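One structure is given below, encoded as structure tokens.
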Amino acid sequence: MNNIKTTLLLATLTAILVVIGDMIGGRSGMIMMFVISMGMNFMSYWYSDKIVLAQYNAQPVTAQSNPKLYAMVEQLAKNGNLPMPKVYIIPSEVPNAFATGRNPSHAAVAVTEGIQRLLTDEELEGVLAHELTHVKNRDTLISTIAAMMAGAISMIANILQFTAIFGRSDDREGTNPLALLGTIIIAPIAAGLIQMSISRTREFLADEGGGDMCRNPLALASALAKIDYYSKHGALPNASNATAHMFIINPMMGIGESLSNLFSTHPRTEERIQKLKKQAMNPKYKEKAIL
């Protein structure tokens with residue numbers, strides 16, 4: 001199913017770019033945008049994870065540089081029958097985490113410096129288990145491609161704003177101002193819908209799988225409550241709407257409510273916590289009064 005979703009995302013990106021190319025440059029614009037879309041599709045599949053990690057200045061972690069974090073990921077990967085992913089640290093005090101990579105054999109998990117200081121070991125294990133569940137469910141490729149697609153659509157909206165002011169590149173016919181205005185308005189909404197369509201159910205499944213992988217759903221619930229609280233008081237540096245859906249908690253909440261937050265890419269944290277509490281009632285989990 002994720003392979004089908006990935007193909008549809010890439011096809012949608014190509015179609016959008018070609019249509020916009022015709023709008024701003026006629027036939028030559030269509031050809032140019034088609035070539036650009038092919039390049040973006042290639043980059044999305046092979047390099048989108050590296051682009052996102054670089055955006056947040058994530059630094060690689062080894063067993064020597066951060067033995068506790070590395071050992072946690074290693075043990076949880078064994079619990080989930082996963083290959084050992086690469087581990088990264090994001091230099092920020094705002095607590096958050098995400099996973100990326102095109103498949104479990106080429107996966108990476110990134111956490112902020114702040115999350116290590118804020119959470120207990122069990123809570124951090126819950127967060128890491130959540131992210132490794134995304135890897136196991138093969139959510140990471142489609143999530144990262146969606147980030148690039150949202151960024152591309154935002155870029156298109158900016159191009160159209162420029163075009164609306166200065167007109168088309170050819171003089172075959174005049175620019176249709178209504179079409180341009182409609183696309184400028186619809187483009188960011190489409191980006192939000194794309195992200196929202198792949199994110200909400202995915203987060204519930206990753207919570208459930210993460211609680212099972214770490215054998216302590218309440219620890220993950222406690223971690224979500226803490227991350228949610230601090231995220232409302234400060235946005236993650238370099239965070240963007242294009243990549244917000246990749247994180248365990250939306251990193252953009254610190255900038256306040258706006259049109260950019262109209263389409264939430266995450267379920268309500270309170271609802272996620274309640275589901276984890278219900279999951280923890282299963283006798284197979286050890287009882288720990290964390291919340």
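The values are calculated or read from the model by the stated rules, or taken from the named source; none is laboratory data. As the structure is a computational prediction, the values presented were derived from the model and not from experiment. Please note: Cβ atoms are built from the backbone with ideal geometry, for glycine as well, and neighbour counts cover all protein chains shown. When the accessible area is computed, the model is the full protein with side chains, heavy atoms only, and any ligands, DNA or RNA have been set aside. Shrake-Rupley method; radii C 1.70, N 1.55, O 1.52, S 1.80 Å.
Details
- The range 22-43, residues that are modelled with pLDDT of 70 or more and small (Gly, Ala, Ser): 28, 29, 37, 39
- Tabulated pairs, the range 92-110, first of a type outside the set (A, V, I, L, M, F, W, C), second in a helix (DSSP H, G or I) and open to solvent by 10 Å² or more (accessible area, probe 1.4 Å), C-beta under 6 angstrom, 6+ apart or interchain: 95/118; 95/230; 100/49; 101/49; 102/141
- Screening 219, 206, 187 for residues that are at pLDDT below 90 and either part of a helix (DSSP H, G or I) or buried (at least 19 other Cβ atoms within 10 Å of the Cβ) (or both) leaves exactly one candidate, 187.
- Subset tally (residues that are modelled with pLDDT of 55 or more and not basic (Lys, Arg)) for the range 251-291: 21
- Answer from 71, 146 - the residue that is modelled with pLDDT of 95 or more and either hydroxyl-bearing (Ser, Thr, Tyr) or over 15 Å from residue 227 (Cα atoms) (or both): 71
Conditions tested, residue by residue: (1) among the polar types (S, T, N, Q); (2) modelled with pLDDT of 95 or more; (3) more than 20 Å from residue 276 (Cα to Cα).
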position: 93; (1), (2), (3): no, no, yes
position: 96; (1), (2), (3): yes, yes, no
position: 105; (1), (2), (3): yes, no, yes
position: 109; (1), (2), (3): no, yes, yes
position: 122; (1), (2), (3): no, yes, no
position: 125; (1), (2), (3): no, yes, no
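Conditions tested, residue by residue: (1) polar (S, T, N, Q); (2) over 21 Å from the mean Cα position of the chain (by Cα); (3) under 23 Å from residue 252 (Cβ atoms).
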position	(1), (2), (3)
11	no, no, no
63	no, yes, no
71	no, yes, no
74	no, yes, no
108	no, no, yes
112	yes, no, yes
115	no, no, yes
126	no, no, yes
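- Test set (1) without any contact (Cβ under 8 Å) to a residue 40 or more places away in the chain; (2) within 14 Å of residue 133 (Cβ to Cβ) - residue 76 fails condition number: (1)
- A single member of 54, 97 is open to solvent by 10 Å² or more (accessible area, probe 1.4 Å) and either under 17 Å from the mean Cα position of the chain (by Cα) or of a type in the set (Ser, Thr, Tyr) (or both), and it is 54.
- Condition broken by residue 18, with the remaining ones in (1) modelled with pLDDT under 75; (2) in contact with a helix residue (DSSP H, G or I) (Cβ under 6 Å, 6 or more places away or on another chain) satisfied: (1)
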